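Undergrad: Below you'll find the structure I mean.
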Amino acid sequence: EPERRVLLLGEGNFSFAASLCRAAGTHVVATCYESEEEVSGRGRAAESIRLLRETGAEVVFSVDCTKLRDYFLPEERQFDCIYFNFPHCGRKAGVVKNRELLARFFLSSAEVLTEEGEVHVALCNGQGGTPADQPRREWHNSWQIVAVAAEAGFILSNVHPFKAETVPGYKCTGYRSQDKSFCVDGALNHIFTRSMPLPYLKPMMCEIELECRKVSFQVPQVLVDKINRGFLELNSNHPVQTVKEKLTAELSQAFPLQNIDYCLSLLNQGHLNGVCHSNTFWIILTPPEETPSTEEMSNGLANAFLFSGVDFCRDTNKNGWVNVQEECCISKQYYLRPSLLPYAQAIIQRGAFLPGMLYVLSGPVFRKCLITAFSMPVFHEMVFVCAVNRDTENSCIQMLVNNIKSSIHSLHQTVSSFKLNISLQEATSFEATELNDFASFESQSSKIQYFICMEIDTPGSCEKGSCVGVIRTAHYKLVSSELVVVFASVNLDLLAMLICGICDWRMLWTSDTRFLRQFPSGELRLFKSFSLYPPSYVHDVSFWVPDGEQFDEVAFHTIAR
């Protein structure tokens, strides 16, 4: 296994580096800003430098931490870890100058750090400006370390006390550029890793088979990185798939169960029952031979979108403005499926079912929605369908709910010891603001009877309770008029978030390997955020709405996404 290359910056007397150089499998490159002559006169510095050289470490003087690439050959610019303990511009430099020093240091570090490397920055109590500082300074009076690191593409992944007493032989020095120690009580070590680069999402065409013919469509821009992610594939370790598998396994012990996930089209066609048109992703189909190239789509030459049942085409004029012209009304309206319920209803109406059998459908569904941490424009829905005798309807609902509740309890117990409460609330008493994604799909043929609600007594700012599912009933003219159909719909994404303590739905869809590494072999665990205290920015947006038009808040949020 290759040695870890560790770079130390701003060493005052090299006592920290001397302690670190004894670690097995570590090659230390220790540097300081001053010349060797200036440093050697400090207490114990000469002894530490001699020890470093005897153990094979490199010692480099007069190194400017804001120009690191200048001191190393290209093949040497691959450090696994960079340490900068108590950086300071010197003398009585204020917070602004030290903030600028940190900003330039992080930009420089990005040029010599490995992709999965770490940057460790130790600061005195209060300097960092994060909630970990106790007491915490006013933001303007701090070094704003998370914000300046973000400018260079770094995120704060961990922070813990800097314990000088645990470093053998370490003695801090450099108070106001003198060979004097300073107080490090309450100091914090901030550990940074690289952020995922902001992706450039090219326009994407999706090809599917529909009505025995191959067609393609341009994926809505907000869903380009959400289509065909394969979270529910058999070999997936994603927590959403793990929740689905464990929920199915638990329910199969109480019901004869059959999965029918195959051949469910991403697109629906025709009249929408109970779904708001503005909350739907409308689609225009294109024969494969007419599919535009990615370059054409990027240039806006072949972009088309459907709004409220009217087909529009748009192109870009020489000034870069988008021209929108109404072309024609179309007879067949296609849209990305907002729910799997129509597929479940189709199975019942075709008579392709066995009474008493629990049928299970699962897959991603798509709906425009407001921007919140728990509102998802795409999530994985799981639908359970069962036909039972009319006189056993209530007992069947109770049995299904009890088994879903016990399955969720079982899942939760494997992850954490926080108190979990699952309740069944009647639809008539449930507040409209709490309906989440389920109230946005109402069916004329089925009626919501109950909402499955989940509340976890967890510390922190994560949402503690939410509606994770619904129970519906429907009466059909079936083989036997004595049968009634019971539907249960569960939001797998929300369930996984609540069980694993994930505070933002976007984390479920990240391509960052640090997320999936926390769930090896399909295990469910409490999620540990690898981006702490991200800076938040508030901006105002003003715009005009034409006379006579009603402002559509969901449409505006979709544009913002």
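Undergrad: For residues that are among the aromatic types (Phe, Trp, Tyr) and open to solvent by 20 Å² or more (accessible area, probe 1.4 Å), tally how many sit in the stretch 189-200.
TA: 1
Undergrad: Could you please find all residues in the stretch 394-412 being open to solvent by 10 Å² or more (accessible area, probe 1.4 Å) and modelled with pLDDT of 85 or more?
TA: Matches in the stretch 394-412: Met399, Asn402, Asn403, Lys405, Ser406, His409, Ser410.
Undergrad: Kindly indicate which of Asn268, Asn237, Asn259 is assigned by the TED database to the domain that holds Ser395, surrounded by 14 or more Cβ atoms within 10 Å (Cβ to Cβ) and in contact with a Ser or Thr (Cβ under 8 Å, 6 or more places away or on another chain).
TA: From the options Asn268, Asn237, Asn259, the qualifying one is Asn237.
Undergrad: Same structure again: Quick check, is Ser529 small (Gly, Ala, Ser) and surrounded by fewer than 18 Cβ atoms within 10 Å (Cβ to Cβ)?
TA: no
Undergrad: With in a loop (DSSP other than H, G, I, E, B) and open to solvent by 80 Å² or more (accessible area, probe 1.4 Å) as the only criterion, which of Pro168, Pro203 stands out?
TA: So the residue among Pro168, Pro203 that is in a loop (DSSP other than H, G, I, E, B) and open to solvent by 80 Å² or more (accessible area, probe 1.4 Å) is Pro168.
Undergrad: What is the number of the single condition among (1) in the same structural domain as Ser410 (by the TED database); (2) in contact with a Cys (Cβ under 8 Å, 6 or more places away or on another chain); (3) not aliphatic (A, V, I, L, M) that Cys183 does not meet?
TA: Only one criterion in (1) in the same structural domain as Ser410 (by the TED database); (2) in contact with a Cys (Cβ under 8 Å, 6 or more places away or on another chain); (3) not aliphatic (A, V, I, L, M) is unmet by Cys183, namely (1).
Undergrad: Residues in the stretch 125-137: is at least one within 26 Å of the chain's Cα centre (by Cα) and not in a loop (DSSP other than H, G, I, E, B)?
TA: No: the stretch 125-137 contains no residue that is within 26 Å of the chain's Cα centre (by Cα) and not in a loop (DSSP other than H, G, I, E, B).
Undergrad: Within the stretch 85-95, identify whether any single residue is touching a Phe, Trp or Tyr at 6+ places or on another chain (Cβ under 7 Å) and open to solvent by 30 Å² or more (accessible area, probe 1.4 Å), and answer yes or no.
TA: yes
Undergrad: Suppose we filter the stretch 372-391 for residues that are over 13 Å from Ile471 (Cα atoms) and touching a strand residue (DSSP E or B) at 6+ places or on another chain (Cβ under 9 Å); how many remain?
TA: Of the residues in that region, 11 qualify.
Undergrad: Still on this structure, please answer the following. So which residues in the stretch 211-234 are open to solvent by 50 Å² or more (accessible area, probe 1.4 Å) and part of a helix (DSSP H, G or I)?
TA: Across the stretch 211-234, the qualifying residue is only Gln221.
Undergrad: Of the conditions (1) of a type in the set (A, V, I, L, M); (2) modelled with pLDDT of 90 or more; (3) part of a loop (DSSP other than H, G, I, E, B), Ala24 satisfies every one except a single condition; which number is it?
TA: (2)
Undergrad: On to the next question. Select, from Asp391, Asp311, Asp315, the only residue that is at pLDDT below 80, in a helix (DSSP H, G or I) and not small (Gly, Ala, Ser).
TA: Just one listed residue meets the conditions, Asp391.
Undergrad: Pairs please, first residue from the stretch 65-93 and under 13 Å from Phe105 (Cβ atoms), second anywhere and open to solvent by 50 Å² or more (accessible area, probe 1.4 Å) and among the basic types (Lys, Arg), Cβ atoms under 6 Å, 6+ apart in sequence or on different chains.
TA: Pairs that qualify, where the first residue is under 13 Å from Phe105 (Cβ atoms) and the partner is open to solvent by 50 Å² or more (accessible area, probe 1.4 Å) and among the basic types (Lys, Arg), are Thr66/Arg104; Cys89/Lys97.
Undergrad: Based on this model, can you work out whether Met507 counts as of a type in the set (A, V, I, L, M, F, W, C), within 23 Å of the chain's Cα centre (by Cα), at pLDDT 85 or above and open to solvent by 10 Å² or more (accessible area, probe 1.4 Å)?
TA: Here the answer is yes, as Met507 does meet what is asked.
The values are calculated or read from the model by the stated rules, or taken from the named source; none is laboratory data. None of these values were measured; they are calculated from a predicted model. Counting neighbours? That spans all protein chains shown, and the Cβs are built from the backbone with ideal geometry, glycine included. When the accessible area is computed, the model is the full protein with side chains, heavy atoms only, and any ligands, DNA or RNA have been set aside. Shrake-Rupley method; radii C 1.70, N 1.55, O 1.52, S 1.80 Å.
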